[in-house]
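K.L.:
Can you keep this structure in mind? I'll have questions shortly.
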Number of protein chains: 4
Amino acid sequence: MAKPVNFDKIAEKVRNWGRWGDEDQRGALNHIGPEILKKAAAEVQTGKLFSLGLNFDKDGPQLGAGRFNPKLYPTDLFTPLNPNVPGVVYSDDVIHMPLQAATQWDALAHVHYDGVLYNNCKACDTLSVKGASRLGVEHLASPGIMSRGVLLDIARLKKVERLDSTYAITPDDLNAAVEAQGVTLMAGDIVLIRTGHIQTFTIDKDRVAFGGTQPGVNHHCAEWCYDHSLAAFCADNLAVEVFSVEAIMGTDIPLAFHMLALRDMGMPLGEMFNLDALAADCAADGRYSFMLAAPPLAFTNAVGSPVNPLALK
Amino acid sequence: MAKPVNFDKIAEKVRNWGRWGDEDQRGALNHIGPEILKKAAAEVQTGKLFSLGLNFDKDGPQLGAGRFNPKLYPTDLFTPLNPNVPGVVYSDDVIHMPLQAATQWDALAHVHYDGVLYNNCKACDTLSVKGASRLGVEHLASPGIMSRGVLLDIARLKKVERLDSTYAITPDDLNAAVEAQGVTLMAGDIVLIRTGHIQTFTIDKDRVAFGGTQPGVNHHCAEWCYDHSLAAFCADNLAVEVFSVEAIMGTDIPLAFHMLALRDMGMPLGEMFNLDALAADCAADGRYSFMLAAPPLAFTNAVGSPVNPLALK
Amino acid sequence: MAKPVNFDKIAEKVRNWGRWGDEDQRGALNHIGPEILKKAAAEVQTGKLFSLGLNFDKDGPQLGAGRFNPKLYPTDLFTPLNPNVPGVVYSDDVIHMPLQAATQWDALAHVHYDGVLYNNCKACDTLSVKGASRLGVEHLASPGIMSRGVLLDIARLKKVERLDSTYAITPDDLNAAVEAQGVTLMAGDIVLIRTGHIQTFTIDKDRVAFGGTQPGVNHHCAEWCYDHSLAAFCADNLAVEVFSVEAIMGTDIPLAFHMLALRDMGMPLGEMFNLDALAADCAADGRYSFMLAAPPLAFTNAVGSPVNPLALK
Amino acid sequence: MAKPVNFDKIAEKVRNWGRWGDEDQRGALNHIGPEILKKAAAEVQTGKLFSLGLNFDKDGPQLGAGRFNPKLYPTDLFTPLNPNVPGVVYSDDVIHMPLQAATQWDALAHVHYDGVLYNNCKACDTLSVKGASRLGVEHLASPGIMSRGVLLDIARLKKVERLDSTYAITPDDLNAAVEAQGVTLMAGDIVLIRTGHIQTFTIDKDRVAFGGTQPGVNHHCAEWCYDHSLAAFCADNLAVEVFSVEAIMGTDIPLAFHMLALRDMGMPLGEMFNLDALAADCAADGRYSFMLAAPPLAFTNAVGSPVNPLALK
């Protein structure tokens, strides 16, 4: 086994440690400031709103061996607010779920290598059964993630409904999509990659296929994200990056893009974003940029958060 | 005991059942359309972003007898992605929490009276141990809640840090705030009411006080919301409306504003929105309107959802 | 569709409602008194102890669609008792599991038909999202279940390792086993039925087979239990009774033995008891009776409890 | 701060590491064999059965800051077994609870000091977010805990309803009780200590008092347990040993008895055993020995288990 091509070189280049201070816990979200937020608002032209989140329920994409689908427990039903007035009632409920169950953000503490997390946080001091004492998702939540969003529809670029399950998206593909779509990237943008793979779940209802071999970006795309000063990076597959069990087992750096993005660059990753309706609208009007509001919930010390991302065009 | 003044008359007036079709499950969110969303974007001038959500953790506002504070369980820590490469690892976690634990949306199924929910849904056919088969929060999530937001700072209007714990905000107060703040309401707006009460939790760390007697709107404000065609209504207290155990026990319609808003009008309520930083900025620049993105998560059949609302000015 | 043969007649005969008072919530456990408990102790001759419980963990017998396998969450690890003394520490953990996950007792509230539970408790007054206000497993737990146990090894009687998956054990089979084993039944006994079916899980690790078509008693055995004044009835399969999806779908009274046992007779059922080691010992020494201690946990208002049954010979 | 008197000397003496093999995970339970189990059965004379467990529910003894009381979630209510037959139904439920919520066993992995657990297991190799890979409670469960039980009623010895909350029971007290009660201890016995403290919960309903300063054994009693070759040791308070926050903060070895018992001796501890009814019966007939069946559930890798202990006289 060996590391992916140029892994160390890319890691060194994109490593943002210290860039926003030694205490920084928000990483590439620091690229988001008033200017890009005003640009994001300026993208709103038709007032069309799209929700990019999957539902959270027992029929979700998880197979259940490790991560499982959300379990909803009603705790009150027909409960009187005033015991003397039986007909005026409320209902309450409890959720039990992995924070990585469906559409979600990976916090910067989600992965690491060599015992160190983003911004040189030592793993042994950071991670415990109480969660991540640093780099938890609460730091991505305040203020929550909002910026200009840009969809790169790689499936459409390749003229397919879905990329082949083994296809590794390259920086050249990303550049080709940028050009084909006529979009200009800006620092602080959040890029959304459409592979079409989510249809294995949303259309085929095939959880095994959805969680198995899947197309996504290769690790060189991390450098591309860095060069464009992206704030975050999302996709419609489970892993953002190209994934197979064989690939995981055949390398010294499994999930290399994750490692470069989260641990070196400090760039949050959004997974399982359902981009099909948005992509159809973008193709129809030729506009692939929009306002994106995708606020994680501030789960203190957590390494992820479910999210219901909204795209407003 | 008797019903609140004019309760039936107000209920009849504001009852939106059938207004958006017999199958409608989104209620007053139907007021949100492309026009108000474009207006919302047009409110963005300074690019300042505010997160209005509380953190979700063991130190949250719940006392624990019924609703409790979120419990975070790491399920993976330092777990190798490839068992042969021990140093490249990931972490995962699970949350166990009431959907009403902290900053949250009430779904339309959250309360009802006389055996019928919003849009004439029979409670016995709708609510079960499997959750709400209709009017669940997933219907508020797709597309998620985004619109023009308007802060009405009633504490500031009354020249206090916090309203008195027994103060009932009236439609006149709301009108006075609108006028004092120089803001114009539009159909589809989401109004955020600042009472200052959240400081009993955020500053005083007094959960008992936060959950106890508290200022909020009276039930007449439901008619005011209806007249302004608001899409949703939020506040910085726990109950949105004025609340005390004594009041609950002394009326035939406890939480009358909830009943009118959720059950009759079909207007979602947002609770425990932390408005202090936003309010300070509004006071500083005199602008109390903004883009609000507050997407609930699509928990299927659930009666509420945690939320991290974002206000962008 | 029709009811199983003579269902109503058997139900009428075995119905113990009122037998131990209108307020009784322990049903056939009332057959256990000092005499049978002294007999149970007298069965102890070799001092050999057998645990009949399955492990409770992620590798349990549940498939996960409805009931799922237990989830264990450590909440403390290496936590100092005194913050000033880091090396003296404790660990704690939390379990999340169905009470029907593996080896377990069915409480009397677990099933019913025609809107009425054991001892004429109306279902609508008894069962809610708060659990079973009557006939919950806590009533079987105080005092917990202990008595003389008798193993009836039907697989051995039939000279097979495992009964055929569709085999329905009859009262004649039970009588034949009693005779072949040379055991005498007494009022208050707890009978354990060995089908061998548990080996589909313990040996084959085939959860689908374990939860699928399986051998067990037919509904006529309920009358046999009644005639012998048994206190409880257990088996090594999942359903105690013969089970297949086809059978469930082809009758007006699915799980007829459950209905007669729990709802009419008030006799608790023990499921997924692992009897193989005990059975081997009984075959070796020819003694099939023993002391059985199988205390359910007193989960208030619950309809079941996991159990680790002990047999002492 | 310093260690408790003679702590190291006692630890060295009672340390059973290697006594039952280097791979042993059952510790002092190895004292239980056929002989003591036959003796246990011989103690059964009146056939009186006592349940020593507290109920597991929301009204349990936990205050909720760390450990919390069990949460019961019905997941099925009135669910038809055959969808075509609506009136024949079942109910199911889920529990969410700390394994240390109420009456429970501490597994040998529950506490340790100096980085090593019972039988020289290295803590860093044993304990992780997946639980205890060695010395988990499943090893105490197979075969489960059953033996001769002996109640030592220290409150009665001292002629009080409850020992003073600061009282530290000494080996002399234990010997005095043995003598006053006229009981003879045997190797493999399980001793149950009655302090009366549980009444702060069962009678006073005062959770704060129950979890606060409380009477119990001092650390010298570990040596006494060792000398008597006890299999396990239980009490009716929360901590078995004398406990106060001040004591915890004032020593280098907080919970010294726990450390000696669990980590050095490998002797399981039973907590919150409700002994009042049993003690009254023992006082009435002068017999303080009985059969004790207290099987933990086999939660794989867990550090504790709830239990419903049964005493049969």
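K.L.:
Quickly run through region C:120-144 and pick out the residues that are polar (S, T, N, Q), open to solvent by 10 Å² or more (accessible area, probe 1.4 Å) and more than 20 Å from the chain's Cα centre (by Cα).
P.N.:
C:ASN120, C:SER128, C:SER133
K.L.:
Just checking, how many residues over region D:2-43 are surrounded by fewer than 20 Cβ atoms within 10 Å (Cβ to Cβ), touching a residue at least 60 places away in the same chain (Cβ under 8 Å) and at positive phi?
P.N.:
Of the residues in that region, 2 qualify.
K.L.:
Exactly one of (1) outside any helix (DSSP H, G or I); (2) in contact with a Cys (Cβ under 9 Å, 6 or more places away or on another chain) is unmet by B:LEU174. Its number?
P.N.:
The one condition B:LEU174 does not meet is (1).
K.L.:
Can you confirm whether D:GLY286 is at pLDDT 95 or above, open to solvent by 10 Å² or more (accessible area, probe 1.4 Å) and more than 7 Å from every other protein chain (Cβ to nearest Cβ)?
P.N.:
yes
K.L.:
Hey, can you tell me all the residues within region A:44-70 that are open to solvent by 30 Å² or more (accessible area, probe 1.4 Å) and more than 20 Å from the chain's Cα centre (by Cα)?
P.N.:
A:GLN45, A:THR46, A:LYS48, A:LYS58, A:ASP59, A:GLY64, A:ALA65
K.L.:
Quick check on my filter: what residues within region B:71-106 are open to solvent by less than 10 Å² (accessible area, probe 1.4 Å), assigned to a loop (DSSP other than H, G, I, E, B) and more than 7 Å from every other protein chain (Cβ to nearest Cβ)?
P.N.:
Once the filter is applied, which keeps residues that are open to solvent by less than 10 Å² (accessible area, probe 1.4 Å), assigned to a loop (DSSP other than H, G, I, E, B) and more than 7 Å from every other protein chain (Cβ to nearest Cβ), region B:71-106 yields B:ALA101, B:ALA102, B:THR103.
K.L.:
Hey, any hits in region B:247-254 for a residue that's among the hydroxyl-bearing types (Ser, Thr, Tyr) and at negative phi?
P.N.:
Looking through region B:247-254, at least one residue is among the hydroxyl-bearing types (Ser, Thr, Tyr) and at negative phi.
K.L.:
Let me ask you something else. Which one of C:ASN308, C:ASN301 is more than 22 Å from C:LYS158 (Cβ to Cβ), more than 17 Å from the chain's Cα centre (by Cα) and modelled with pLDDT of 95 or more?
P.N.:
Matching residue, one of C:ASN308, C:ASN301: C:ASN301.
K.L.:
Across region D:53-69, what is the number of residues that are facing another protein chain (nearest Cβ under 7 Å) and in contact with a Phe, Trp or Tyr (Cβ under 6 Å, 6 or more places away or on another chain)?
P.N.:
Number satisfying all stated conditions: 1.
K.L.:
Any idea how many residues of region C:133-187 are under 23 Å from C:ASN308 (Cα atoms) and within 14 Å of another protein chain (Cβ to nearest Cβ)?
P.N.:
Summing the residues that are under 23 Å from C:ASN308 (Cα atoms) and within 14 Å of another protein chain (Cβ to nearest Cβ) in region C:133-187 gives 15.
K.L.:
Checking C:ILE248 against (1) at pLDDT 95 or above; (2) within 19 Å of C:GLN62 (Cβ to Cβ); (3) open to solvent by 10 Å² or more (accessible area, probe 1.4 Å), which test does it fail?
P.N.:
Here C:ILE248 clears every test but (1).
K.L.:
C:ASN119 passes all but one of (1) assigned to a loop (DSSP other than H, G, I, E, B); (2) on the phi > 0 side of the Ramachandran plot; which number fails?
P.N.:
(1)
K.L.:
So is D:TYR113 farther than 30 Å from C:ASN69 by Cα, within 9 Å of chain C (Cβ to nearest Cβ) and touching a residue at least 60 places away in the same chain (Cβ under 8 Å) or not?
P.N.:
Yes.
K.L.:
Might you let me know whether region D:175-192 holds any residue that is in contact with a Pro (Cβ under 8 Å, 6 or more places away or on another chain), open to solvent by 30 Å² or more (accessible area, probe 1.4 Å) and either of a type outside the set (A, V, I, L, M) or closer than 23 Å to D:GLY149 by Cα (or both)?
P.N.:
No; the residues of region D:175-192 include none that is in contact with a Pro (Cβ under 8 Å, 6 or more places away or on another chain), open to solvent by 30 Å² or more (accessible area, probe 1.4 Å) and either of a type outside the set (A, V, I, L, M) or closer than 23 Å to D:GLY149 by Cα (or both).
K.L.:
Find the residue count for region C:198-228, including only residues that are aliphatic (A, V, I, L, M), closer than 19 Å to C:HIS258 by Cβ and open to solvent by 30 Å² or more (accessible area, probe 1.4 Å).
P.N.:
Residues flagged as aliphatic (A, V, I, L, M), closer than 19 Å to C:HIS258 by Cβ and open to solvent by 30 Å² or more (accessible area, probe 1.4 Å) within region C:198-228 amount to 0.
K.L.:
Only one residue in C:ALA231, C:ALA277 is in contact (Cβ under 8 Å) with a residue 60 or more places away in the chain, surrounded by fewer than 24 Cβ atoms within 10 Å (Cβ to Cβ) and either more than 10 Å from chain D (Cβ to nearest Cβ) or within 29 Å of C:PRO34 (Cα to Cα) (or both), so which one is that?
P.N.:
C:ALA277
The values are calculated or read from the model by the stated rules, or taken from the named source; none is laboratory data. All figures in this text were calculated on a predicted structure; none of them were measured in a lab. Every residue, glycine as well, gets a Cβ built from its backbone with ideal geometry; the counts of neighbours run over all protein chains shown. Each accessible area value is taken on the protein alone, full model and side chains, heavy atoms only, with ligands, DNA and RNA left out. Shrake-Rupley method; radii C 1.70, N 1.55, O 1.52, S 1.80 Å.
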